[in-house]
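Below is one structure, written out as structure tokens; comments come after it.
The values are calculated or read from the model by the stated rules, or taken from the named source; none is laboratory data. Please read these numbers as outputs of a predicted model, since none were measured by experiment. Here Cβ is always computed from backbone atoms with ideal geometry, including for glycine, and neighbour counts include all displayed protein chains. Heads up: the accessible areas ignore ligands, DNA and RNA and are worked out on the full protein's heavy atoms, side chains in. Shrake-Rupley method; radii C 1.70, N 1.55, O 1.52, S 1.80 Å.
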Amino acid sequence: WTIADLMSTVDYLYERKDVDPTRIGIVGGVAGGGDYTALAAALDERITLSVPFNFSHKNLVDGWYDYVRSYPGSIADGTTPWLVCAMSAPRHYIMAEEFAWSDTKTEYLDAFKKIYALYGKEDHVDSLHGWAESHATHYNYMHRIPMYTIINKWWGLKLPEKKENEKFLKLKDSHLEI
């Protein structure tokens, strides 16, 4: 049902006159968000950019610890997170990792690039990662700034590319009152 909700959100965005339907992206953090992001992008071609964090590995996922990751038949069919992400090719894809990069991640990224090369869209895949002890639960600048830079390159936006240029909403106590 969550994927259907995300696709319904895209329906809504398509109805709005102030939304460019060629630039609809989805970003999902850890603990299931990356899973939803990848699956929604694989199933809905209107999503033209996906950034699923920590969902690029080639291990089978059986969902023993998280029902979100229990794709029916995924073990028998060999459906891996990497395969789900590859299904969104040749649309824009950022292979995002919460923590530091590894040689295995480089292998996975190279495999994505080969898929995108089949479409002549090698420039539609990129990557970002955090540090050894970073977390993407709050999209710290180490994740946001590289993501903004890539999206600016692809979509011609002007998102901040330096931490110093970011502007944050400062909530007042009155914003939190009911």
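Count of region 144-178 residues, restricted to those that are among the hydroxyl-bearing types (Ser, Thr, Tyr) and surrounded by fewer than 11 Cβ atoms within 10 Å (Cβ to Cβ), is 1.
Once region 69-96 is narrowed to residues that are modelled with pLDDT under 90 and in contact with a Phe, Trp or Tyr (Cβ under 7 Å, 6 or more places away or on another chain), the residue that is nearest to residue 35 (Cα to Cα) is 81. Of everything in region 9-39 that is in a helix (DSSP H, G or I) and touching a Ser or Thr at 6+ places or on another chain (Cβ under 8 Å), the residue that is modelled with the lowest pLDDT is 36. Scan region 42-58 for residues that are among the polar types (S, T, N, Q) and either open to solvent by 60 Å² or more (accessible area, probe 1.4 Å) or at pLDDT below 95 (or both) and the total you get is 2. For region 12-41, filtered to residues that are open to solvent by 70 Å² or more (accessible area, probe 1.4 Å) and not β-branched (Val, Ile, Thr), the residue that is farthest from residue 54 (Cα to Cα) is 17. For region 72-88, name all the residues that are open to solvent by 10 Å² or more (accessible area, probe 1.4 Å) and either assigned to a strand (DSSP E or B) or not polar (S, T, N, Q) (or both). Across region 72-88, the qualifying residues are 72, 73, 75, 76, 77, 78, 82, 83, 86, 87. Under the condition of being of a type in the set (A, V, I, L, M, F, W, C), surrounded by fewer than 16 Cβ atoms within 10 Å (Cβ to Cβ) and at pLDDT 95 or above, the residues counted in region 112-135 number 2.
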